[in-house]
Amino acid sequence: MPPDPIASPPNPMTASASPLPPIAFIGGGNMASAIIGGLLQRGLPAGQIEVVEPFEPARAALQDKFGITAQPAAGDALARAALVVWAVKPQTFKEAAAATRAHTATALHLSVAAGIPTDSIARWLDTQHIVRAMPNTPALVGKGITGLFARPQVDPQGKALVERVIATTGQFVWVEAEEQLDAVTALSGSGPAYVFLFLEAMTQAGVDMGLPPAQAYQLAVATFQGASELAARSPESAEVLRQRVTSKGGTTHAAITHLQAAQVPAHFIAAMRAAEARAKELAAEFGA
């Protein structure tokens, strides 16, 4: 049986909730923008957000989109942040940490940088108050899901703060062991690309069978949306839902048996294990 459906995340800016404290972002790219946009939409004043972004085009984009003046380098203004969100590329994290840690010694740190273990982050920032996150790109439209891991020194209030921030991008789950984030990476972190690959194939098949490309793509996207929503609302497993639409001798049965004969499910699982293995490699490579 599938797990209980995940409830819609609470609005982090409801009247009953305490106001969010100042938040700083190290890196102002897509994932930072997704979180910033969610926070602003839910009422956090732009003046409560600090951003450090070394690349001028990214700073200009933040100004144009959100009215936020990002700084090219870390400075004293970061000291007021209760939470620092690390949205940098893995290969630049260590250098950025060296330039920032003097200003953020008392903050809680939330890393959305792929592949960097918290042991490395703790060493680079000289703090144990770290939460590591594995989001995915649907966060850009508020439909993401993020895996979260907190080091033991993060208290319940710190975890609650992280939840309120991440909830602006969609759903979240906490994992008990940091190593499980490699599985989260392979499943949901890389998962949107798997969906896009299937959308490509389904669209091409539709075109090959005589449909206009735009119509084929619309049908494919709507099918994924509808099936995902049905699965999210149903108490039944994906296996049972599949069986309900697979009448023996019918069209769906013909397609499913062809996929099974070609061992597509097994190959798909093997592909995800390859993603998991690569996540472990990246941790060893960038976390030194």
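The values are calculated or read from the model by the stated rules, or taken from the named source; none is laboratory data. None of the values given here were measured: they were computed from a predicted structure. As a convention, Cβ positions derive from the backbone with ideal geometry for all residues, glycine included, and neighbour counts pool all protein chains shown.
The residues listed here are Glu163, Glu178; of these, the one that is among the charged types (D, E, K, R), at pLDDT 95 or above and in contact with a Ser or Thr (Cβ under 7 Å, 6 or more places away or on another chain) is Glu178. Residues of the stretch 140-158 that are over 15 Å from Ser111 (Cβ atoms), touching a strand residue (DSSP E or B) at 6+ places or on another chain (Cβ under 8 Å) and either of a type in the set (Ser, Thr, Tyr) or part of a helix (DSSP H, G or I) (or both): none at all. In the stretch 264-288, the residues that are surrounded by 12 or more Cβ atoms within 10 Å (Cβ to Cβ) form Cβ pairs under 6 Å with partners that are among the hydroxyl-bearing types (Ser, Thr, Tyr) and modelled with pLDDT of 90 or more, at six or more places apart or across chains, as follows: Ala275/Ser190; Ala279/Thr185; Gly287/Ser120.
Among the residues of the stretch 47-90, those identified as assigned to a helix (DSSP H, G or I) and of a type in the set (Lys, Arg) are Arg59, Lys65, Arg80.
Identification of helices (runs of 4 or more DSSP H) wholly contained in the stretch 159-260 with 2 or more residues that are under 19 Å from Asn136 (Cα atoms) yields 180-184, 191-208, 213-233.
Let's see how each residue does on (1) assigned by TED's automatic domain parsing to the domain that holds Val245; (2) without any contact (Cβ under 8 Å) to a residue 40 or more places away in the chain; (3) surrounded by 12 or more Cβ atoms within 10 Å (Cβ to Cβ):
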{"site": "Leu197", "(1), (2), (3)": "yes, yes, no"}
{"site": "Met202", "(1), (2), (3)": "yes, yes, yes"}
{"site": "Val207", "(1), (2), (3)": "yes, yes, yes"}
{"site": "Leu211", "(1), (2), (3)": "yes, yes, yes"}
{"site": "Ala214", "(1), (2), (3)": "yes, yes, no"}
{"site": "Tyr217", "(1), (2), (3)": "yes, yes, yes"}
{"site": "Ala220", "(1), (2), (3)": "yes, yes, yes"}
{"site": "Gln225", "(1), (2), (3)": "yes, yes, no"}
{"site": "Ala232", "(1), (2), (3)": "yes, no, no"}
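Yes/no matrix, rows are residues, columns are (1) in a strand (DSSP E or B); (2) outside the structural domain of Met134 (by TED's automatic domain parsing); (3) closer than 18 Å to Gln71 by Cβ; (4) at pLDDT 90 or above:
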position	(1), (2), (3), (4)
Met1	no, yes, no, no
Pro5	no, yes, no, no
Asn11	no, yes, no, no
Thr14	no, yes, no, no
Gly28	no, no, yes, yes
Ala32	no, no, yes, yes
Gly37	no, no, no, yes
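For the stretch 239-258, check the following and say yes or no: at least one residue is among the acidic types (Asp, Glu) and loosely packed, with under 12 Cβ neighbours inside 10 Å. For the stretch 239-258, residues among the acidic types (Asp, Glu) and loosely packed, with under 12 Cβ neighbours inside 10 Å: present.
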